[in-house]
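First up is the structure itself, then whatever we jot down about it.
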Amino acid sequence: MSKLWGGRFTKNTDQLVEEYTASILFDKELAEEDIQGSLAHVTMLGKCGIIPEEDAETIRDGLHRVLGKIRRGEVEYAVSDEDIHMNIEKLLIEEIGPVGGKLHTGRSRNDQVATDMHLYLRKRVVEFVGLLHRLQTALIEQAKANLDTIIPGYTHLQRAQPILLAHHLMAYVSMFQRDAERLMDSYKRINTLPLGAGALAGTTFPIDRHFVAQQLGFDRVYENSLDAVSDRDFIIEFLADASMIMMHLSRLCEELVLWSSTEFRFVELDDAFCTGSSIMPQKKNPDVAELVRGKTGRVYGNLVGLLTVLKALPLAYNKDMQEDKEGMFDTVRTLQGALRLFAPMIETMKVNGERMREAVNQDFSNATDIADYLVGKGLPFRQAHEVIGKIVLHCIQNGVFLLDLKLEEFQQFSKLFGDDIYHVLQPETVVNARNVYGGTARPQVEGAIQRAEAATAQTLAWFEELSAKA
């Protein structure tokens, strides 16, 4: 069969051009969305009397048969038919005859492909909100189990102040909550229908775009036909959201890699999420965490790539925009893999609370509290800071820690010290002294967990509602 658009041409397309310009090798992933959109479109054509209702019914039946073949793996796509739209239309015509050619009445591949991608990404965003919820739940459960586990808190990767491990984990719950909220907010822009915009200017047929939107579950239609076929903001927004999710995962991965090392020994990752060495039998490598960290760069690259494609395109559609799909598909697969693995990896992670406590006892992360102690006795903070600096230097020079000093040694630096300094320096005291909203004291962390559970419950409700509509 000749090209469906070949009437104007006097020569066949060069084979190299066919291979270079064809998108079927990747946009075949849109097959179900393409048929979903076509079913709504042809139903509208029949309803509006643009084609006879019996033809619309024949086309619908043919589309369902083609979909069944696709799902059973019985379809071989042809590069000569360029893209998923032309392949499906050709399959439809082979299935039901020339009447299948009426399907494309009142639309263009420009508004058709945009519709496919809106449908595709709409599903993925809902899926990712659900996966983020599962990861948050895993982190919250670990936090609940470690409300009494104290860990060194770091700045510049240097020990700074002791904190609850639960407080540390809840920081990631907050990050992923923002990620989920960004995805949920982006849904309303994804859930806008471009179909009916035609190639760029609309169509002469009396179509009903709002009926199609209703059939497909879209909340609204694009106001401007040029914008409808040229807009890829919704994909860029998804890629940006995905980049931030991967960045947050990568930060947590970095800590898991460090914490599971012999030098830290803070946690042990389950064997199911680690691999070994081909030469060193003792090794247990945190490969999942390392690979998620590594794959973050490719997601960033997909975002920058699409921004670059679009940066100088005139309205409306240009072939450059074919480059919008592979990066989107790659990001979806990369993020799916990372999120599906991460929740069970956190759920099965073992925490070495004794090692964390040992680390806290062998540092100077309680030094700030001595300064605060002296300030409470009336010494100006800047002078207190200098006093504590000298005490820490003394400890370093003598190979001891603050709790190892005798009271007389403290009093060599300031007569304001009393026996109560030993209570002040206890890690539990240091942690619970920060009893302010958002702080690491146990009551504050318990409150943070309760608020997070309420927020994630709302996220779950959104996910379940939208999943039911899919």
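The values are calculated or read from the model by the stated rules, or taken from the named source; none is laboratory data. The shown structure was predicted, so the numbers you read here are calculated from the model rather than taken from an experiment. Note that we place each Cβ from the backbone using ideal geometry, even for glycine, and neighbour counts take in every protein chain shown.
For every residue, the table says whether it meets (1) within 30 Å of Arg355 (Cβ to Cβ); (2) under 18 Å from the mean Cα position of the chain (by Cα); (3) without any contact (Cβ under 8 Å) to a residue 24 or more places away in the chain.
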position	(1), (2), (3)
His118	no, yes, no
Ala138	yes, yes, no
Ala160	yes, no, no
Asp185	no, yes, yes
Gly196	no, no, no
- Note on the structure: With the first residue restricted to the range 350-364 and required to be modelled with pLDDT of 95 or more, and the second required to be part of a helix (DSSP H, G or I), Cβ contacts under 7 Å at 6 or more apart or on different chains are Val351/Leu165; Met356/Leu165
- Of the numbered conditions (1) closer than 26 Å to Leu147 by Cβ; (2) touching a Lys or Arg at 6+ places or on another chain (Cβ under 9 Å), Gly418 fails exactly one; give the number of that condition. (1)
- Note on the structure: Considering the range 395-415, residues that are free of Cβ contacts under 8 Å to residues at least 40 places away in the same chain and touching a Leu at 6+ places or on another chain (Cβ under 8 Å), and then whichever is surrounded by the most Cβ atoms within 10 Å (Cβ to Cβ), we arrive at Leu402
- Query: Residues in the range 203-219: is at least one within 18 Å of the chain's Cα centre (by Cα), closer than 29 Å to Leu303 by Cα and small (Gly, Ala, Ser)?
  - Reply: no
- Log entry, pairs with first residue in the range 61-78 being in the same structural domain as Phe26 (by TED's automatic domain parsing), second being among the acidic types (Asp, Glu) and loosely packed, with under 12 Cβ neighbours inside 10 Å, beta carbons closer than 9 Å, six or more apart or on different chains, reads Gly68/Glu74
- Note on the structure: Exactly one of His156, His104 is closer than 30 Å to Asn361 by Cα and more than 21 Å from the chain's Cα centre (by Cα), and that one is His156
- Which of the residues spanning the range 161-218 are part of a strand (DSSP E or B), polar (S, T, N, Q) and within 30 Å of Ile449 (Cα to Cα)? Gln161
- Message: If I filter the range 286-322 down to residues being of a type outside the set (Lys, Arg) and in a loop (DSSP other than H, G, I, E, B), which single residue comes out as farthest from Ala240 (Cα to Cα)?
- Response: Pro286
- For the range 100-108, state whether one or more residues are under 30 Å from Arg265 (Cβ atoms) and not hydrophobic (A, V, I, L, M, F, W, C). no
- Scan the range 267-285 residue by residue and report those that are buried (at least 18 other Cβ atoms within 10 Å of the Cβ), out of contact with any strand residue (DSSP E or B) (no Cβ under 7 Å at 6 or more places or on another chain) and not in a helix (DSSP H, G or I). Leu269
- Matching residues, the range 136-148, being surrounded by fewer than 20 Cβ atoms within 10 Å (Cβ to Cβ) and assigned to a loop (DSSP other than H, G, I, E, B): Leu147, Asp148
- Task: For residues that are touching a residue at least 24 places away in the same chain (Cβ under 8 Å) and of a type in the set (D, E, K, R), tally how many sit in the range 365-391.
- Result: 3
